[in-house]
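The values are calculated or read from the model by the stated rules, or taken from the named source; none is laboratory data. Just so you know, these numbers come straight off a predicted model, no measurement behind them. With ideal geometry, Cβ positions are generated from the backbone for all residues, glycine too; neighbour counts draw on all protein chains shown. The protein model used for the area step is the full one, side chains on, heavy atoms only, and it has no ligands, DNA or RNA in it. Shrake-Rupley method; radii C 1.70, N 1.55, O 1.52, S 1.80 Å.
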Amino acid sequence: MNVSDYDFELPESLIAQTPLLERTSSRLLVLHRQTGRVEHRVFTELEDHLQPGDTLVLNDTRVLPARLFGSKADTGAKAELLLLKRLDGDRWETLVRPGKKLHRGARIVFGPAEQPLLSATVEEEGELGARVVRFEYEGIFNELLDRLGHMPLPPYIKETLSDRERYQTVYSRNEGSAAAPTAGLHFTKEFLERLQAKGVKLCPITLHVGLGTFRPVSAETIEEHEMHAEWYSVSEESAKLLNEAKASGGRIVAVGTTSARTLETIGQRFKEGGQVEACSGWTSIFIFPGYEFTMVDALLTNFHLPRSTLVMLVSALAGRENILAAYREAVEREYRFFSFGDAMFIS
């Protein structure tokens, strides 16, 4: 399959640069995947499309203030570091800029020039700015990161974010992501309570969003593309909720593609025994048309980048033609796209 089959025209003006004042005030495009029928609603009307007994699966990862601006220790030249995932101890997988000038042995310092609070030494080099660095510091790393770091907004967002929490879901709790699971940004605690009062169950899982989010699909065919591994975790309580949903015939509704990928990872992991168990590990699952879903019955998601693995994932669930037709309609009606944009519910 060609990557170009998942391309579409998107005016730059439709890329949302800032979050809406109210989280739940976004629009909602509802796509009925069996028929291709589309409805245009507002986000709070998601309640009308959820039923008692549905289980809403929420990725509770929390975004690190993972973008660090510093300078090369030897020349003072500006340098930028984006944390992607902790490898062990104080070693991290990162993206750096400028990649051409930060080679093995290079040292980057952060904080006041006269007395830096944090330093990173490049230990390994990868492609396209990927580096493994080792940090040195005094004190507690996460406290220094909170003091020195900036939220790692995607490159298509040019505006400054005034409130860090608007790039966190209201249910985020497990710190470790390099990007937000943005489908969850539409929820407030009050709206989630309304859904629970209706009989919808909430099931937290964790997937720390990593390198794959920042990598374009450079291959010409889908089969050539390789996903980077991301860490996931499912608790005993959440495994029980998922098993109960399957046993009772209730729908499992993934909030976001990260939740969907985690669900399908554990679906494959436990397909022989049938019962989901508490687990954690690394997943590099790549879902594209032809994939048969084992766990996800419906999906709440945002509108994604052309030619991205995320467009391929939603096409696997709803069909490429249905997705591209819905996206064309969303463009015509001037929906807001990407991280701070509007939502789509695929049922």
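Out of D90, D74, one residue alone is surrounded by fewer than 16 Cβ atoms within 10 Å (Cβ to Cβ), closer than 25 Å to Q168 by Cα, touching a residue at least 24 places away in the same chain (Cβ under 8 Å) and outside the structural domain of S238 (by the TED database). It is D90.
Just name the residue that is nearest to L310 (Cα to Cα) out of those in the stretch 26-58 that are hydroxyl-bearing (S, T, Y) and surrounded by 17 or more Cβ atoms within 10 Å (Cβ to Cβ). Looking at the filtered set, the residue picked out is S26. Among the residues examined, E39 qualifies as part of a strand (DSSP E or B), among the acidic types (D, E) and modelled with pLDDT of 95 or more. Checking R62, R23 one by one, the residue that is under 19 Å from the mean Cα position of the chain (by Cα), under 27 Å from E237 (Cα atoms), open to solvent by 30 Å² or more (accessible area, probe 1.4 Å) and not aliphatic (A, V, I, L, M) is R62 and no other.
Checking K101, K85 one by one, the residue that is open to solvent by 20 Å² or more (accessible area, probe 1.4 Å), in contact with a Gly (Cβ under 8 Å, 6 or more places away or on another chain) and not assigned by the TED database to the domain that holds F340 is K85 and no other.
Against the test of being without any contact (Cβ under 8 Å) to a residue 24 or more places away in the chain and among the charged types (D, E, K, R), the options K198, K189, K158 yield a single qualifying residue, K189. The criterion of at least 3 residues that are open to solvent by 10 Å² or more (accessible area, probe 1.4 Å) and free of Cβ contacts under 8 Å to residues at least 40 places away in the same chain is met, among helices (runs of 4 or more DSSP H) falling completely within the stretch 229-347, by 236-248, 257-269. Each residue in the stretch 243-266 was checked for being on the phi > 0 side of the Ramachandran plot and at pLDDT 95 or above, and 1 pass.
Of the listed requirements (1) of a type outside the set (D, E); (2) under 24 Å from S177 (Cα atoms); (3) touching a strand residue (DSSP E or B) at 6+ places or on another chain (Cβ under 7 Å), G89 misses just one: (3).
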